[in-house]
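The values are calculated or read from the model by the stated rules, or taken from the named source; none is laboratory data. For clarity, every value in this text was computed on a predicted model and none was experimentally measured. Cβ atoms come from the backbone with ideal geometry, glycine included; neighbour counts cover every protein chain shown.
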Amino acid sequence: MREGELLALTPEDIPEDQLSIRVNKTFAVVDDQAMFLTPKTEKSDRIIQIDKALHDELITYIKGMYIHSDERIFYFEKDGLLKEFHRITDKAGEPRIRIHDLRHSHVALLIEMGIPITEIARRLGHSSPQTTLKVYAHLYPGKERNVADLIGNLRGKGSDGQT
């Protein structure tokens with residue numbers, strides 16, 4: 001998710017009976033006024049499937065907040081999110097990175113797992129797979145060797161030419 005999408009989440013975006021997160025708005029501060037805005041693109045309005053462990057953690061977190069269904073579950077703004085993230089990474093002895101770098105790491109993992117670019121684009125809320133490729137093509141080095149080896153395996157020959 002983009003930072004603004006994360007910060008716009010409300011309890012109603014994380015249904016208790018579905019392992020998913022509904023992304024349908026973004027949070028921003030414009031002229032010192034906090035507000036919900038429409039997502040970046042039409043495809044940014046999406047449902048992201050999540051695993052049970054993350055879902056359970058989110059539901060537990062939300063229930064402990066005692067907030068209304070339309071209130072934001074993360075009360076801070078982008079600067080506060082980054083400060084808290086850096087506090088945690090500093091404590092863990094890890095280098096400081098941008099929050100958005102987590103999105104890039106997620107994509108790198110999905111690519112390495114062999115997830116189709118069309119699914120990655122949908123998950124990220126990109127307007128097209130071409131957008132995803134344009135931004136993340138550099139994460140594909142070495143993939144061509146894999147393709148050649150897979151084709152060789154179909155022909156009954158490995159990368160060394162032996163059967």
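Observations on the model:
- Out of 75, 61, 66, one residue alone is aromatic (Phe, Trp, Tyr), loosely packed, with under 11 Cβ neighbours inside 10 Å, at negative phi and in the same structural domain as residue 5 (by TED's automatic domain parsing). It is 75.
- Annotation for the stretch 58-81: no member residue is in contact with a Lys or Arg (Cβ under 9 Å, 6 or more places away or on another chain) and polar (S, T, N, Q).
- Selection count, the stretch 78-107, where residues are loosely packed, with under 14 Cβ neighbours inside 10 Å and touching a helix residue (DSSP H, G or I) at 6+ places or on another chain (Cβ under 6 Å): 1
- Among residues of the stretch 47-56, those that are out of contact with any helix residue (DSSP H, G or I) (no Cβ under 7 Å at 6 or more places or on another chain) and part of a strand (DSSP E or B), counted: 2
- Complete set of residues in the stretch 57-85 that are closer than 16 Å to residue 6 by Cβ and assigned to a helix (DSSP H, G or I): 57, 58, 61, 62, 78, 79, 80, 81, 82, 83, 84, 85
- Filtering the stretch 1-42 to residues that are in a loop (DSSP other than H, G, I, E, B) and either in contact with a Pro (Cβ under 6 Å, 6 or more places away or on another chain) or among the acidic types (Asp, Glu) (or both) leaves 16, 17, 31, 32.
- Pair list, Cβ < 9 Å and 6+ apart or interchain, from the stretch 81-95 residues that are closer than 25 Å to residue 28 by Cα and in the same structural domain as residue 6 (by TED's automatic domain parsing) to residues that are in a helix (DSSP H, G or I) and aliphatic (A, V, I, L, M): 81/6; 81/7; 85/102
- Some residue of the stretch 56-65 being at pLDDT below 95 and acidic (Asp, Glu): no
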